[in-house]
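For reference, the structure is listed below as structure tokens.
We did not get these values from a lab; they are worked out from the coordinates using the rules stated. This is a predicted model, so every value here is computed, not measured. Positions of Cβ are backbone-derived with ideal geometry, glycine not excepted, and every protein chain shown enters the neighbour counts.
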Amino acid sequence: MRNEMRSSKWMFALLAMTMTSAAQQPAPAPLNLQRISSTQPSVSVQPQTSLAPPATMDQAVDRVILREKELVKFLAPRTPLVETYLQNLIQDPQLGPVPQNDRYFLGRMDLSDSIDRNDYLGSSKGKLSEKTESMEKRLLGGFTSKFKLQYQPLGFSWMIFADRNDFDRQHYNFHFARREFVGDIRCLVFDITPKKDAGHGRFLGRIWVEDQGFNIVRLNGTYSHPTRNNYYFHMDSWRLNLVPEYWLPAYIYSEEGDFTAGAKNTIAFKAQTRMWGYNLKTTTPNDELTNIRIDSVKDDTPTAQDATPLAAERNWQQQAVDNVNERLERAGLLAPEGDVDKILQTVVNNIEITNNIELPRPVRTRVLITSPLETFSVGNTIIVSRGLIDVLPDEGSLAMVLAHELAHIVLGHNLGSQYAFNDRMLFSDDATYHNLGFKHIPEEEAAADKKAIEMLKASPYAQKMESAGLFIKALQARAPQLNALLQAHLGNNISDNGTVTRMAQLANSAPALDWNKMDQIAALPLGSRVKLNAWDDKVEIVKAQPVAITSARDKMPFEVTPFYPRLTRLNATSIQSASSSPASTETGVPNN
């Protein structure tokens with residue numbers, strides 16, 4: 001293991017998540033890690049009909065309508081997960097609009113006949129107040145029956161289409177606006193307006209259409225004719241080319257509120273919606289038992305004997321770990337093993353090595369795909385949520401998060417052995433949070449904090465604990481407004497009633513929190529670190545250039561921000577060809 005530490009030094013130059021210069025928004029250090037697989041996803045799709053390039057703008061519009069109908073058919077049998085995190089806003093004189101409170105929704109979409117969902121969280125978290133419930137019904141429910149939608153907490157997800165059922169010339173006017181590059185993709189831009197008497201809830205806004213397959217890649221706008229019982233909010237919806245021929249809905253950003261002088265806001269919020277798990281394998285009652293896979297392994301040890309009681313206990317714990325990891329991954333909540341795990345694993349290894357920790361089984365790390373900030377350990381596996389990795393400002397803060405869970409493992413606070421019984425894994429995906437849980441008692445949490453601080457002092461991150469403590473202070477400053485973001489659904493909460501309890505001692509040695517100090521980056525906005533592939537659920541570190549910070553408002557710790565992914569085609573050759581072609585050699589579509 002010591003040799004592993006020496007050989008991993010070069011990795012730190014590539015993997016370290018360090019603070020950028022004083023005048024820049026931090027971004028992950030450049031990573032020279034190759035993707036786990038460079039091959040295209042395997043997916044059975046019907047090839048597009050061989051059609052000549054459109055010669056007129058009317059023909060281009062017809063192609064767009066046709067491709068949208070084909071996308072609806074392609075998505076009909078799929079049940080992706082959808083997550084919406086919303087922050088209601090209030091004006092701060094110094095920082096501008098900041099979170100006042102927040103809400104979180106998670107479920108699985110059913111795209112077969114309309115747009116519906118099964119909620120993962122259920123109603124066990126408590127009833128909404130009458131005022132909040134009324135607001136959400138206006139925001140997320142009461143939609144026109146033409147969309148076959150009723151009030152759902154995940155109503156944001158219906159914005160994946162401009163109009164699922166009636167996107168055609170009979171209901172909409174299409175006006176060509178211009179050509180525009182979005183990332184690597186050359187697009188035709190159309191303004192869309194509903195025709196007179198088209199009905200309520202029709203899309204009103206702009207679409208971007210890629211110029212090869214004529215698929216919609218972005219929608220931006222709202223829905224027409226709100227009524228007393230229908231509140232249609234604005235959205236910016238993005239699609240990614242993750243499978244051949246199709247651009248799949250992946251992100252939706254929503255925002256309402258006017259904070260100019262004299263404006264009165266009845267509703268002011270920002271929300272991020274993410275979709276993933278399009279390629280999740282669904283199970284049926286007949287094959288549930290076959291999904292608990294136990295690989296046969298031949299023991300070639302010359303003196304192989306029956307397991308001792310201690311060995312049997314460890315094998316039992318490992319079986320539980322394998323069952324839980326497999327079940328979470330099958331439910332679409334745990335990302336497949338990949339490059340982000342390697343970064344987490346490097347930090348864990350260095351804490352172990354410098355503390356001379358020898359464990360009977362190696363510690364592994366995995367990424368929970370969801371946004372709420374939480375960590376937990378199952379046997380010898382540490383699981384950290386994507387949202388928590390997103391907001392961590394540097395490597396020292398990451399070490400703090402991982403050290404707490406490593407301490408539980410070192411102290412023998414093993415949880416989850418009951419899940420070695422395979423029958424405990426036989427539940428529906430939307431019941432995952434009701435059937436799994438990995439919460440420690442308060443005494444174990446306190447012991448893990450104490451042990452983690454001890455290990456960090458002896459680790460390579462000992463000189464980086466001021467930034468970790470500063471993260472705790474920033475989290476404490478926002479905790480009362482971020483109850484949903486800090487609500488752990490599988491592990492222990494980081495805070496309790498608005499007070500941060502996890503590793504709180506580190507805040508004592510941290511510098512004073514100063515929002516106006518440009519070089520003090522205590523925490524990052526959501527989405528800063530990790531990028532999620534909506535088709536296969538793989539995660540990777542965002543590769544982005546730092547952006548200069550010019551005011552305290554640019555920091556946005558723990559806040560929701562718009563999406564702006566760089567659009568590329570799945571085929572790298574097509575990307576290069578499209579990017580190098582001059583604008584004058586378009587696909588034959590005229591300027592008007």
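Summary of values
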| read-out | value |
| --- | --- |
| Segment L359-M518, length gained on full extension (0.36 nm per residue, minus Cα span) | 53.0 nm |
| Per-peptide average of other Cβ atoms within 10 Å, ordering 181-190, 469-478 highest first | 469-478, 181-190 |
| Subset of K195/K555; K69/K538; K264/K543; K517/K538; K69/K195; K450/K538 violating a 31 Å alpha-carbon distance limit | K195/K555; K264/K543; K517/K538; K450/K538 |
| Qualifying aspartates and glutamates (Cα of each under 19 Å from Cα of K196; at least 8 residues distant if same chain) | D163, D166, D168 |
| Lys/Arg +1, Asp/Glu -1 at C-beta; region 365-487 dipole; positive extreme among H440, V384, Q476 | Q476 |
| Efficiency of FRET from Cβ geometry, Q418 and Q505, R₀ 41 Å, rounded to 0.05 | 0.80 |
| Partners for K439 among aspartates and glutamates (Cα-Cα distance below 15 Å; same-chain residues under 8 apart left out) | E374, E405, D449, D496 |
| D (Stokes-Einstein, µm²/s), Kirkwood Cα radius, region 433-474, 1.002 mPa s at 20 °C | 174 µm²/s |
| Virtual spin-label span in nm between V72 and E313, 7 Å along Cα→Cβ | 6.0 nm |
| Global form of region 339-486, assessed from the alpha-carbon gyration tensor, a/c cut-off 1.5 | oblate |
| Karplus-derived HN-Hα couplings along region 542-553 (A = 6.51, B = -1.76, C = 1.60, θ = phi - 60°), whole Hz, x at Gly and Pro | 5, 9, 9, 7, x, 10, 5, 8, 10, 7, 4, 5 |
| Prolate/oblate/rounded label for region 420-491 (Cα gyration tensor, a/c 1.5) | oblate |
| Cα→Cβ-extended label distance, 7 Å offset, between N165 and T222, nm | 2.3 nm |
